[in-house]
Amino acid sequence: MEEDIDTRKINNSFLRDHSYATEADIISTVEFNHTGELLATGDKGGRVVIFQREQESKNQPHRRGEYNVYSTFQSHEPEFDYLKSLEIEEKINKIRWLPQQNAAYFLLSTNDKTVKLWKVSERDKRPEGYNLKDEDGRLRDPSTITTLRVPVLRPMDLMVEATPRRVFANAHTYHINSISVNSDYETYMSADDLRINLWNFEITNQSFNIVDIKPANMEELTEVITAAEFHPHHCNTFVYSSSKGTIRLCDMRASALCDRHSKFFEEPEDPSNRSFFSEIISSISDVKFSHSGRYIMTRDYLTVKVWDLNMENRPIETYQVHDYLRSKLCSLYENDCIFDKFECVWNGSDSVIMTGSYNNFFRMFDRNTKRDVTLEASRENSKPRAILKPRKVCVGGKRRKDEISVDSLDFSKKILHTAWHPSENIIAVAATNNLYIFQDKVN
């Protein structure tokens, strides 16, 4: 994708498809690591699947970019809270990578209650020639050992191991919706509906509560926390969004409990647009700092907004994702789709933003040229190396041949989770149980 999102140049390779998909196969989070060499997905069955990018080969220098399965492991299991008689789902809500410090990779994964730190490492050698064990691993009788052997490392087939290094549990009464690694790489935060906790990676039995919006009387509850993220460069600063459409920026230097925000971002409501659904559709489902740290992007039900950290009273940019659904809000409320939580992502240079929609459509907005495009991630039009064609939704009147009517959109096919490679124009799009990877066409 050039800066003007030339969609004719996008091709794709498409991964991970089960025609016999079950509920457990539905992808619930997608995340590139800091180099873009690895891509992790989490699903409703509690599994994490990591894809690795193929290295460039001399005879096919342009084929680099294929992602193949690198490791699969069960991150979370279903649990039961006997005190509260509640089932705890195994579904992976979020995955966040830590920057790579050595040959191993580390990532955080969370379900509704427990965050885990996983180490993913490779092994291609095994020790042989133990003194106290035979070749099958059985213990030998020490009295039969007459000579001392020096164990040696022998080559073996490459094995990728995932091991849980830390388990951060028992700190959230409500469901965790966000985790975010701090830029100091020593701490991270986890946010649920009413509280945000700060953790040190080395300490699992204690966390600091840095935000608590729980009222003394729960009947006075008017809003919940929907997402939270640390600033990419300033380790003392973070933002969290609410179901009322507001964003609060907090500074941990001000006080231990950040119950007073430093900045409060809210757009005044247009009284002419007021309706029964106003509060529901203004709820923010995702908040993301730009890579530069200058801007915040938020996603509500119908729009994506970009805010300048220096201007609190209104966003500097507003993009309509699917404004044609405004007339359908009643039926979307009845089928619960109005509560869907769409994510949004920046490209590596903060010049293009991407977010999902229904009918397996996803949207891209170029901030410089103000051009936007609707693309579709589906098996019918996404053969490997195929070029994506822009899609258009027709609201009323005469429908052109290549347009789709708003009445024939499939609301069960939704793209909630997307990711953008940190430095290249490669995107990952999760459409129910399928993961699509699209990239610039390589000539």
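The values are calculated or read from the model by the stated rules, or taken from the named source; none is laboratory data. None of the values given here were measured: they were computed from a predicted structure. In this analysis, Cβ positions are derived from the backbone assuming ideal geometry, glycine residues included, and neighbour counts consider all displayed protein chains. All accessible areas refer to the heavy atoms of the entire protein, side chains included, with ligands and DNA or RNA removed. Shrake-Rupley method; radii C 1.70, N 1.55, O 1.52, S 1.80 Å.
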Checklist entry - Taking the condition in contact with a Pro (Cβ under 7 Å, 6 or more places away or on another chain), among the aliphatic types (A, V, I, L, M) and either at pLDDT below 95 or part of a strand (DSSP E or B) (or both), does Val345 pass? => result no
Item to check | Where Thr246 falls short, out of the listed (1) open to solvent by less than 30 Å² (accessible area, probe 1.4 Å); (2) of a type outside the set (A, V, I, L, M); (3) closer than 23 Å to Leu86 by Cα | outcome: (3)
Next on the checklist: Going residue by residue through region 62-76, is there one that turns out to be over 26 Å from the mean Cα position of the chain (by Cα) and farther than 25 Å from Asp193 by Cβ?
Outcome noted: yes
Checklist entry - What about Met364, is it at pLDDT 95 or above, more than 23 Å from Asn177 (Cα to Cα) and of a type in the set (A, V, I, L, M, F, W, C)? => result yes
Next on the checklist: For the list (1) farther than 28 Å from Asp308 by Cβ; (2) open to solvent by 60 Å² or more (accessible area, probe 1.4 Å), I need the number of the one condition that Ala254 fails.
Outcome noted: (1)
Item to check | Count of residues meeting criterion [at pLDDT 95 or above and of a type in the set (A, V, I, L, M)] in region 153-168 | outcome: 1
Next on the checklist: Of the conditions (1) at positive phi; (2) surrounded by fewer than 20 Cβ atoms within 10 Å (Cβ to Cβ); (3) not aromatic (Phe, Trp, Tyr), Leu198 satisfies every one except a single condition; which number is it?
Outcome noted: (1)
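Hey, among Arg140, Arg53, which residue is more than 20 Å from Ser180 (Cα to Cα) and in contact with a strand residue (DSSP E or B) (Cβ under 6 Å, 6 or more places away or on another chain)? Reasoning before the result, please.
Values: Arg140 fails: in contact with a strand residue (DSSP E or B) (Cβ under 6 Å, 6 or more places away or on another chain).
Answer to the check: Arg53.
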Item to check | Elements of type strands (runs of 3 or more DSSP E) in region 382-425, at least 1 residues being touching a residue at least 24 places away in the same chain (Cβ under 8 Å), of a type in the set (A, V, I, L, M, F, W, C) and closer than 22 Å to Gln52 by Cα | outcome: 417-420
Item to check | Qualifying residues in region 348-361 (those that are in contact with a strand residue (DSSP E or B) (Cβ under 9 Å, 6 or more places away or on another chain) and in a loop (DSSP other than H, G, I, E, B)) - the one surrounded by the most Cβ atoms within 10 Å (Cβ to Cβ) | outcome: Asn360
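With region 42-152 as the region, which strands (runs of 3 or more DSSP E) entirely inside it contain at least 2 residues that are at pLDDT 95 or above and not acidic (Asp, Glu)? Talk me through it step by step, then tell me what you get.
Working: elements: 47-53, 67-74, 79-81, 86-88, 94-97, 105-110, 115-128.
Once the strands (runs of 3 or more DSSP E) in region 42-152 are filtered for at least 2 residues that are at pLDDT 95 or above and not acidic (Asp, Glu), what remains is 47-53, 67-74, 94-97, 105-110, 115-128.
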Checklist outcome for this item: Per the filter on region 362-377, residues among the hydroxyl-bearing types (Ser, Thr, Tyr) and surrounded by fewer than 16 Cβ atoms within 10 Å (Cβ to Cβ) are Thr369
Checklist entry - Looking at (1) open to solvent by 50 Å² or more (accessible area, probe 1.4 Å); (2) under 26 Å from Ala228 (Cβ atoms); (3) in contact with a Lys or Arg (Cβ under 8 Å, 6 or more places away or on another chain); (4) among the charged types (D, E, K, R), which is the one condition that is false for Lys125? => result (2)
Item to check | Of the criteria (1) touching a residue at least 60 places away in the same chain (Cβ under 8 Å); (2) crowded, with 20+ Cβ neighbours inside 10 Å, which one Phe265 fails | outcome: (1)
Checklist entry - Take the residues of region 1-41 that are open to solvent by less than 50 Å² (accessible area, probe 1.4 Å), modelled with pLDDT of 85 or more and hydroxyl-bearing (Ser, Thr, Tyr): which is nearest to Val352 (Cα to Cα)? => result Thr29
Item to check | Some residue of region 274-282 being under 27 Å from the mean Cα position of the chain (by Cα), open to solvent by less than 80 Å² (accessible area, probe 1.4 Å) and charged (D, E, K, R) | outcome: no
Item to check | Residue list for region 294-314, restricted to those being in a loop (DSSP other than H, G, I, E, B) and either open to solvent by less than 10 Å² (accessible area, probe 1.4 Å) or under 26 Å from Asp410 (Cα atoms) (or both) | outcome: Asp300, Tyr301, Leu302
Next on the checklist: Yes or no: region 320-331 includes at least one residue that is buried (at least 21 other Cβ atoms within 10 Å of the Cβ), part of a strand (DSSP E or B), in contact (Cβ under 8 Å) with a residue 40 or more places away in the chain and out of contact with any Gly (no Cβ under 8 Å at 6 or more places or on another chain).
Outcome noted: no
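Condition first: in contact (Cβ under 8 Å) with a residue 24 or more places away in the chain and not in a strand (DSSP E or B). Now tell me which residues in region 277-293 satisfy that. Explain how you work it out, then say what you get.
Start the filter on region 277-293 by keeping residues that are in contact (Cβ under 8 Å) with a residue 24 or more places away in the chain, which leaves 277, 279-293.
Once the filter is applied, which keeps residues that are in contact (Cβ under 8 Å) with a residue 24 or more places away in the chain and not in a strand (DSSP E or B), region 277-293 yields Phe277, Glu279, Ile280, Ile281, Ser282, Ser283, Ile284, Ser285, Ser290, His291, Ser292, Gly293.
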